[in-house]
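The values are calculated or read from the model by the stated rules, or taken from the named source; none is laboratory data. As the structure is a prediction and not an experimental result, all values here were calculated from the model. Cβ coordinates were reconstructed from backbone atoms using ideal geometry, including for glycine residues, and neighbour counts include every protein chain displayed. Ligands, DNA and RNA are stripped out before the accessible areas are found, and what is left, the full protein with its side chains, is counted by its heavy atoms. Shrake-Rupley method; radii C 1.70, N 1.55, O 1.52, S 1.80 Å.
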Amino acid sequence: MVDLEGIVVRAITDEEHTTALQSTKQLPLFIDLNNVPVDVGSQVLSALEIENALQFYTHLEEAEIKSIQTELDRLAGKWAKVQTEQGFDILIDLAGDIELQYSNLVTLLKDQIPNPSELDYIDLRFGDKVYYK
């Protein structure tokens with residue numbers, strides 16, 4: 001479990017993990033793809049990245065996009081991949097401009113993608129350039 005400063009405060013139990021996966025209203029669940037060991041007291045994300053993640057999740061709720069979990073590849077950089085219940089992934093830059101990334105997402109879904117369930121991913125990490133498949 002991580003606090004709002006990105007500091008590990010404690011490990012979660014298997015029961016808490018299962019409950020988090022089953023909950024429809026939850027704090028974001030982050031998975032480290034590299035499974036890098038961390039100690040209580042170590043920082044895994046910056047306060048800005050935590051703030052941006054929470055802000056992005058709030059925007060997703062407003063847009064009625066339900067997320068399952070967010071994957072982080074901390075060794076390759078701090079990109080994040082939000083897995084959605086609709087079946088597509090959203091790649092974001094947690095250290096970047098979250099408002100711009102969300103605006104690009106909404107514009108793409110509104111103007112160019114009639115059926116988002118046919119998407120594999122939307123990549124919002126590159127400023128005004130948006131990639132999707």
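Couple of notes before you dig in:
- Between residue 4 and residue 63, the modelled label-to-label distance comes to 2.5 nm, taking each label 7 Å out from Cα in the direction of the beta carbon.
- Note on the chain: with neighbouring protein chains present and a 1.4 Å probe, carbon and sulfur make up 52 percent of its accessible heavy-atom surface.
- Adding -39500 (n - 2.57) for every DSSP H run of four residues or longer, then dividing by how many residues the chain holds, sets the calculated 222 nm ellipticity at -9500 deg cm²/dmol.
- Residue of 61, 51, 71 that the Gaussian network model of the chain assigns the largest fluctuation, springs spanning Cα pairs under 10 Å: 61
- Accessible surface computed residue by residue for the chain, with neighbouring protein chains in place and a 1.4 Å probe, gives 60 Å² per residue.
- Net charge of neighbours whose Cβ lies under 13 Å from the Cβ of residue 120, counting Lys and Arg as +1 and Asp and Glu as -1: -1
- Backbone HN-Hα couplings from phi across the range 102-116 [Karplus 6.51/-1.76/1.60, Hz, Gly and Pro as x]: 5, 4, 5, 4, 4, 4, 4, 5, 6, 9, 10, 10, x, 10, x
- Cα-projected label distance for residue 19 with residue 120, points at 7 Å along beta-carbon direction, nm: 3.8 nm
- Phi angles of the range 126-131 translate, via the Karplus equation with coefficients 6.51, -1.76, 1.60 and θ = phi - 60°, into HN-Hα couplings of 10, x, 7, 8, 10, 10 Hz per residue; Gly and Pro are given as x.
- Phi angles of the range 31-45 translate, via the Karplus equation with coefficients 6.51, -1.76, 1.60 and θ = phi - 60°, into HN-Hα couplings of 10, 7, 4, 8, 6, 5, x, 10, 10, 4, x, 7, 9, 9, 9 Hz per residue; Gly and Pro are given as x.
- Taking Cβ atoms as reference points and 12 Å as the exclusive limit, the residues near residue 104 contribute a net charge of -3, counting Lys and Arg as +1 and Asp and Glu as -1.
- Crossing angle, helix 47-62 versus the chain [Cα axis fit, 0-90 degrees, rounded to tens]: 50 degrees
- Here the spin labels are modelled as points 7 Å beyond Cα on the Cα-Cβ line, and at residue 86 and residue 128 they lie 2.4 nm apart.
- Under 5 Å from the amide H of residue 30 lie the amide H atoms of 70, each residue being 5 or more positions distant or on a separate chain, with H modelled from the backbone and absent for Pro and chain starts.
- Of all the options 116, 37, 28, the one that moves most in a Gaussian network model of the chain with Cα springs shorter than 10 angstrom is 37.
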